[in-house]
Each structure stands twice: as C-alpha cells, then as structure tokens.
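*Asks:* Sharing a structure below in structure tokens format, with a few things to ask.
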Amino acid sequence: MSEETVFKAEEAAKLNVQSSFPAMALIGVGVALLLAYLFDIRLMDFFWPGFIIAPGLLLMWPAYKSTADEQSKLAFLAVPGAMIVTVGLLFFAMNLTDHFEAWAYSWTLLIAAAAGGVMYVTRYDDNEHLQERSYNLIRVLSMVFIGLALFFEIIVFENFNPLMSLGLIGFGLYLLLQNKRAAKTA
C-alpha cells in the first residue's frame with residue numbers, strides 16, 4: 001500500500017467523522033429533549049446561567065486567540081470575562097443546590113477569577129513575578145473562601161453536613177502530604 005493511498009484513506013476517515021458530527025449532535029439534543037420531557041425537567045431552570053457564561057467566554061476569546069508572537073489588543077478583556085464566567089458558574093451551582101445564600105462567601109472566587117484572568121492574559125510575558133503573585137493570590141483567596149464557607153455554613157446558616165467534615169479531613173490530609181513532600185525536597 002502506497003503512502004498516498006494511506007493518506008487518502010486517513011483523509012476520507014476524517015471527512016466521514018466531520019460529516020457525521022451534525023447528525024450525532026442532533027441525536028444528542030433530541031435525546032436530551034426527550035428525557036427532559038419524560039422527567040418533567042424545565043430546561044430553562046437548568047440552563048439559564050449559560051446566558052451569563054457565554055458572554056464571559058466571548059470576552060475571553062481574544063486572549064485565547066493570542067499567541068506568544070502576536071498578542072491581541074483586546075486580550076485584557078479576559079479579566080472581566082473570567083469574572084463573568086465565574087459568576088455564571090456560581091449561579092449554576094447555586095441554582096442546582098438552591099442555596100443562593102452562598103453569595104455571602106463566594107465573592108472571594110470573583111477576585112480569584114480576576115487573578116486567573118490576569119495570569120491567562122500574561123501567560124506569554126516574561127514577568128514571572130506577576131504570574132507568581134497572581135497564583136499566590138488565588139491560593140490565599142481559595143483558603144479564605146473555604147474558611148468563610150465553613151464559618152457561614154456551620155455558624156451563621158447552621159447547615160452542618162457530614163460531607164463538610166469529610167472535606168475538612170481530606171483537605172487536612174492533602175496539606176499534610178504537601179508538607180511532607182516539601183520537607184523531603186528541601
């Protein structure tokens with residue numbers, strides 16, 4: 001079998017997969033709609049945060065398309081885009097759990113998302129100091145989020161859940177393992 005024949009067969013297979021994608025997508029959407037009808041699921045109650053997430057992703061697009069050689073002039077929009085996507089994801093999670101009281105401590109994730117957006121925009125820059133500071137800010141804000149979540153959920157909202165205990169135990173074990181690894185490499 002010649003190299004040209006193999007190449008043509010590979011191209012035909014790729015074209016076949018590409019041409020069958022719309023049909024598979026239609027089947028998937030049809031199955032999802034049928035299941036929603038059968039189980040009486042109101043899709044808008046489930047997917048409305050997508051109307052927040054989509055514009056955020058559009059704002060992040062110029063930074064995504066940027067390369068090390070050619071940075072987009074609109075790449076800075078990834079910072080508010082990351083924050084908007086985070087708001088949409090928080091709405092999605094809070095909508096699923098019907099626990100919108102979580103906004104009392106979720107604001108820390110918005111600031112962390114801004115730092116993540118800065119890291120994403122500057123991923124090709126030589127400024128490692130900015131990357132490191134953003135990473136450390138995300139770590140600190142994640143810890144503040146966990147602390148505030150525990151405070152509000154246990155003390156203020158009185159929503160004690162055994163899963164929180166397991167989460168704390170697991171996170172504590174993770175920190176212990178990290179400390180042991182750091183001690184071995186030092």
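*Asks:* Which one, 131, 92, 62, projects farthest toward the positive side of the charge dipole computed for the chain from Cβ point charges (K/R +1, D/E -1)?
*Replies:* The residue sitting farthest along the positive end of the dipole is 131.
*Asks:* For the chain, just say rounded, prolate or oblate: build the C-alpha gyration tensor, square-root its eigenvalues into a ≥ b ≥ c, call rounded for a/c under 1.5, and beyond that prolate if a/b exceeds b/c, oblate if not.
*Replies:* Verdict is oblate for the chain.
*Asks:* Continuing with this model, one more query. About the Cα centre of region 108-186, how large is the charge dipole given +1 on each Lys and Arg Cβ and -1 on each Asp and Glu Cβ? Please answer in debye to the nearest 20.
*Replies:* Rounded to the nearest 20 debye, it is 340 debye.
*Asks:* Which of rounded, prolate or oblate describes region 54-156 when judged by the alpha-carbon gyration tensor and an a/c cut-off of 1.5? Can you show the working numbers first?
*Replies:* Details: a/c = 4.44, a/b = 1.69, b/c = 2.62.
In terms of gyration-tensor shape, oblate.
*Asks:* Please turn the phi angles of region 75-85 into ³J(HN,Hα) values with the Karplus equation 6.51 cos²θ - 1.76 cosθ + 1.60 (θ = phi - 60°), one per residue in order, whole Hz, x for glycine and proline.
*Replies:* 4, 4, 5, 5, 5, x, x, 5, 5, 5, 4
*Asks:* Let me ask something else about it. Find out how many positive minus negative residues lie around residue 66, taking Lys and Arg as positive, Asp and Glu as negative, among other residues whose Cβ is under 13 Å from that of residue 66.
*Replies:* Result for the neighbourhood of residue 66: 0.
*Asks:* Say the dipole of the chain comes from +1 at the beta carbon of Lys and Arg and -1 at that of Asp and Glu; which of 109, 172, 26 then lies farthest toward its positive end?
*Replies:* 172
*Asks:* Now for a different question. Which of 129, 99 comes first, and how do the rest follow, when ranked by fewest Cβ neighbours within 10 Å? Kindly include the intermediate steps, with their values, before the conclusion.
*Replies:* Details: 129 8, 99 13.
Fewest-to-most Cβ neighbours within 10 Å comes out as 129, 99.
*Asks:* Next up: Among 133, 181, what is the fewest-to-most ranking by other Cβ atoms within 10 Å?
*Replies:* By the 10 Å Cβ count, ascending: 181, 133.
*Asks:* Continuing with the same structure: Compute the FRET efficiency between residue 25 and residue 124 as 1/(1 + (r/R0)^6), taking r as their Cβ-Cβ distance and R0 = 35 Å, and round to the nearest 0.05.
*Replies:* In this case the efficiency is close to 0.55.
*Asks:* Please state the charge dipole magnitude for the chain, taken about the Cα centre, from unit charges on C-beta atoms (+1 on K and R, -1 on D and E), reported in debye and rounded to the nearest 20.
*Replies:* The calculation lands at about 380 debye.
The numbers here are math on the coordinates, done by the rules we state, and not lab data. It should be emphasised that the depicted structure is a prediction, and the values quoted were computed from it without experimental measurement. Here Cβ is always computed from backbone atoms with ideal geometry, including for glycine, and neighbour counts include all displayed protein chains.
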